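S.K.: Would you mind keeping the following structure in view while I ask a few things?
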Amino acid sequence: MPSGMNLKKIIITAFILCLSLLFFIGRRGEHGSIIPPENPGRIISLSPSVTRCMIDLGAVDLLAGITDYTLHPELKVESVGAYISPNMEKIITINPDLVLVSEEDRYIQKLPLLEKFGLRVEVLARNRDFNSMCGNYRRLAAITGRSEAAEVKISEYKNRISRIARPETPPKIVFLVSVKPLVTVSGESHISAIINDAGGENPFADADTAYPILSLESLLLSGADAVIIMTMGYDYDINSLFSGYKNVDFIKKGNVFTTGDDNIPYYTPGDYTISVEKISSLINMIKR
Amino acid sequence: MSIRKVYIIIAAVLSGSLLAGISLGTEIINPAEALFTLLGGESSLKSEIILKVRIPRVFAALFAGASLSVCGAVFQSVFRNPLADPFITGVSGGAALGYSVAVIFSFPPFAAVISAFCGSLFSIFIIYLLSRRAGFTGSSFILSGVALSFIFSSSVMLLFSMAKSESVHKTIIWMMGDLNSSGNLQVTVSVIAAGIMIALWLFHRHLDIIAFGTDFSRSSGVTFFEIRLIIILASFLAALSVVMGGIIPFVGLMVPHIVRIFAGSGSYSLLPLSAAAGGAFLMLCDAMSRTLVVPYEIPVGVITGLSGGLFFLFYVLRSRREF
């Protein structure tokens, strides 16, 4: 057994060795940086919405890796792990020319680590509405050399949105992303912009957080003309959800609708357009 | 302060909280409107809100708070540990795992609460098996609960790492306490919880004896079976509180402490007074949670956690000589 003094020396030496090793590894990362090419040939997308934009742009051949939950059956691209915890080692091993991520998702990704390993990371701006989504779409198109195709698509999407028939008086639409607990959307979320473009009005647009928790009585007292619930994999029994309220207008008139989560959660011009069309068709079903 | 005065004060606080719970919310509503409807008057939106939203919710808060406090009081006596709380046997970890599985695998909302309850029961079952095999009753229960909590929370983290961010968000909100979903299920569970609280109160003499230590309780005729039964009943009560309002922290830890200061450690009075005070406390916290940022809501667990943290700072400062 080493004496107390020797043990102290061993611990201090081991500590210094560990620190030196960490410093060496860090420096190695800095100097081992890869110079990205002008036109990236191998891209990793860490945001499902970015992946969907790439698919829409016909740039799937440039994808070298994507996070899960964006996998289309026809898409044969390697997964780099789950969306909220991508495998950094795998990304570094793939050694892409570019890593793409959306501003909304940057805080759950370990971007500084990727940059430390010399990977070029592009963070696309926040998607608040159709225009900001188009801005990001154009940027992606410029990176992948598909600007012309992007303009054609954007013009098509704009036409589709402009063709939507909107009611003269916008109905108040409460959009619920969760029923238990009750969570709605505010103006900070792109879903509020979808409601507006579909001809509705979000009574909870003023909240500071994108997805505020709502009390049931606030929902009942909101004066909503309709409630739209986004189903996440299961179908709600709408009749039982708000049964028994005789004095609440949207319940009395049967204006509670559900919609899937195939497009609404994704911030791409294509998904936005489809979502506006879907919400608009529900708005047309509202009984006044 | 005489015990009679304590009973009167807590009864007054309970009545005040009940009134606050029914009147406060998105709009201040006069409870007389609901009474008018109950007596045959025309129903209005406000009376509907009182009868169908606030009363079930206040009911759930009352019984969830009471269950947590009674459970905390029992565990603090049985484990002779002032920091024992209702979730010390891993019930909250099991519930969180059950709920996470349900949300991530897209079970319907009703099934998610049942899944959380099953998770809690699973943790109680493991604790029971361990206690039967190893024959332990005291600190080993706490250690097994801590170990189980770690296993459950790691499993929850594993699920989170593979889940959609919307599912993670939803689960985290539920884990901060959710009385917003109170309905018929919660009211039914409240009745069962009331029965278990009465059953535990019937063990008040046992609890007083157990609080003196294992040797004393054994020589006084309290069997291991009875101790285990008390622990399992209390854990079951904690599991029911999860069904009523999700995972609500600190109520079961803080309320029995405060009641003990005024009413002493005798379980005969401590248990009913803790139940009343716990119910009153949670009703008040719930009223605050839906009144502070109208029309939005703060998870009730945030309010109980903040008040619990402040209470413990005060408690540590007050008893600093003991540390």
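The values are calculated or read from the model by the stated rules, or taken from the named source; none is laboratory data. Nothing here was measured: the structure is a model prediction, and the numbers come from that model. Here Cβ is always computed from backbone atoms with ideal geometry, including for glycine, and neighbour counts include all displayed protein chains.
S.K.: For the range B:164-172, indicate whether the set of residues that are part of a helix (DSSP H, G or I) and aliphatic (A, V, I, L, M) is non-empty.
M.R.: Yes.
S.K.: Of the residues B:PHE152, B:PHE125, which is within 22 Å of B:VAL189 (Cα to Cα) and either in a helix (DSSP H, G or I) or out of contact with any strand residue (DSSP E or B) (no Cβ under 8 Å at 6 or more places or on another chain) (or both)?
M.R.: Selected residue: B:PHE125, the only one of B:PHE152, B:PHE125 that is within 22 Å of B:VAL189 (Cα to Cα) and either in a helix (DSSP H, G or I) or out of contact with any strand residue (DSSP E or B) (no Cβ under 8 Å at 6 or more places or on another chain) (or both).
S.K.: A further question on this structure: Can you find a residue in the range B:142-156 that is aliphatic (A, V, I, L, M), within 14 Å of chain A (Cβ to nearest Cβ) and closer than 23 Å to B:GLY301 by Cα?
M.R.: yes
S.K.: Same structure, new question: Going through the range B:16-41 one residue at a time, which ones are more than 10 Å from chain A (Cβ to nearest Cβ) and not in a helix (DSSP H, G or I)?
M.R.: B:LEU24, B:ILE28, B:ASN30, B:LEU39, B:GLY40, B:GLY41, listed by residue number.
S.K.: While we're on this one: Answer yes or no: is there a residue in the range B:197-215 that is assigned to a helix (DSSP H, G or I), more than 14 Å from chain A (Cβ to nearest Cβ) and more than 24 Å from B:ASP85 (Cβ to Cβ).
M.R.: For the range B:197-215, residues assigned to a helix (DSSP H, G or I), more than 14 Å from chain A (Cβ to nearest Cβ) and more than 24 Å from B:ASP85 (Cβ to Cβ): present.
S.K.: Quick check: is even one residue across the range A:151-170 among the acidic types (Asp, Glu), on the phi < 0 side of the Ramachandran plot, without any contact (Cβ under 8 Å) to a residue 24 or more places away in the chain and part of a helix (DSSP H, G or I)?
M.R.: yes
S.K.: Within 14 Å of chain A (Cβ to nearest Cβ), modelled with pLDDT under 90 and surrounded by 17 or more Cβ atoms within 10 Å (Cβ to Cβ): does that describe B:PHE236?
M.R.: Taking the combined requirement at face value, the residue does not satisfy it.
S.K.: Still on this structure: Return yes or no: is B:SER241 surrounded by fewer than 24 Cβ atoms within 10 Å (Cβ to Cβ), more than 14 Å from chain A (Cβ to nearest Cβ) and touching a residue at least 60 places away in the same chain (Cβ under 8 Å)?
M.R.: In short, no.
S.K.: Let me ask something else about it. From the residues in the range B:86-125 that are of a type in the set (S, T, N, Q) and surrounded by fewer than 24 Cβ atoms within 10 Å (Cβ to Cβ), which one is farthest from the other protein chains (Cβ to nearest Cβ)?
M.R.: My answer is B:SER115.
S.K.: For residues in the range A:244-264 being over 18 Å from A:PRO203 (Cα atoms) and within 7 Å of chain B (Cβ to nearest Cβ), which is surrounded by the most Cβ atoms within 10 Å (Cβ to Cβ)?
M.R.: Filtering the range A:244-264 for residues that are over 18 Å from A:PRO203 (Cα atoms) and within 7 Å of chain B (Cβ to nearest Cβ), the one surrounded by the most Cβ atoms within 10 Å (Cβ to Cβ) comes out as A:TYR245.
S.K.: From A:GLY187, A:GLY223, which residue is at pLDDT 90 or above, away from chain B (no Cβ under 11 Å) and over 22 Å from B:SER182 (Cβ atoms)?
M.R.: A:GLY187
S.K.: Can you pull out every residue in the range B:271-323 that is free of Cβ contacts under 8 Å to residues at least 12 places away in the same chain and hydrophobic (A, V, I, L, M, F, W, C)?
M.R.: B:LEU292, B:VAL293, B:ILE298, B:LEU306, B:LEU310, B:LEU313, B:PHE314, B:VAL316, B:LEU317, B:PHE323
S.K.: So, in the range B:307-323, exactly how many residues are surrounded by 15 or more Cβ atoms within 10 Å (Cβ to Cβ) and modelled with pLDDT of 85 or more?
M.R.: Of the residues in the range B:307-323, 2 are surrounded by 15 or more Cβ atoms within 10 Å (Cβ to Cβ) and modelled with pLDDT of 85 or more.
S.K.: Could you tell me which residue of the range B:42-57 is farthest from the other protein chains (Cβ to nearest Cβ), considering only residues that are of a type in the set (A, V, I, L, M) and over 12 Å from A:VAL248 (Cα atoms)?
M.R.: The selected residue is B:ILE55.
S.K.: From the residues in the range B:185-215 that are touching a residue at least 12 places away in the same chain (Cβ under 8 Å) and of a type in the set (Val, Ile, Thr), which one is farthest from B:LYS52 (Cα to Cα)?
M.R.: By that ranking, first place goes to B:THR214.
S.K.: Based on this model, can you work out whether A:GLY81 counts as surrounded by 16 or more Cβ atoms within 10 Å (Cβ to Cβ) and without any contact (Cβ under 8 Å) to a residue 60 or more places away in the chain?
M.R.: yes
S.K.: A further question follows. Here are some residues: B:SER181, B:SER220, B:SER161, B:SER140. Which one is crowded, with 21+ Cβ neighbours inside 10 Å and hydroxyl-bearing (Ser, Thr, Tyr)?
M.R.: The conditions single out B:SER181.
S.K.: Strands (runs of 3 or more DSSP E) wholly in the range A:171-288 with at least 2 residues that are under 25 Å from B:MET175 (Cα atoms) and outside the structural domain of A:CYS134 (by TED's automatic domain parsing) - which ones?
M.R.: Output list reads A:173-178, A:226-230.
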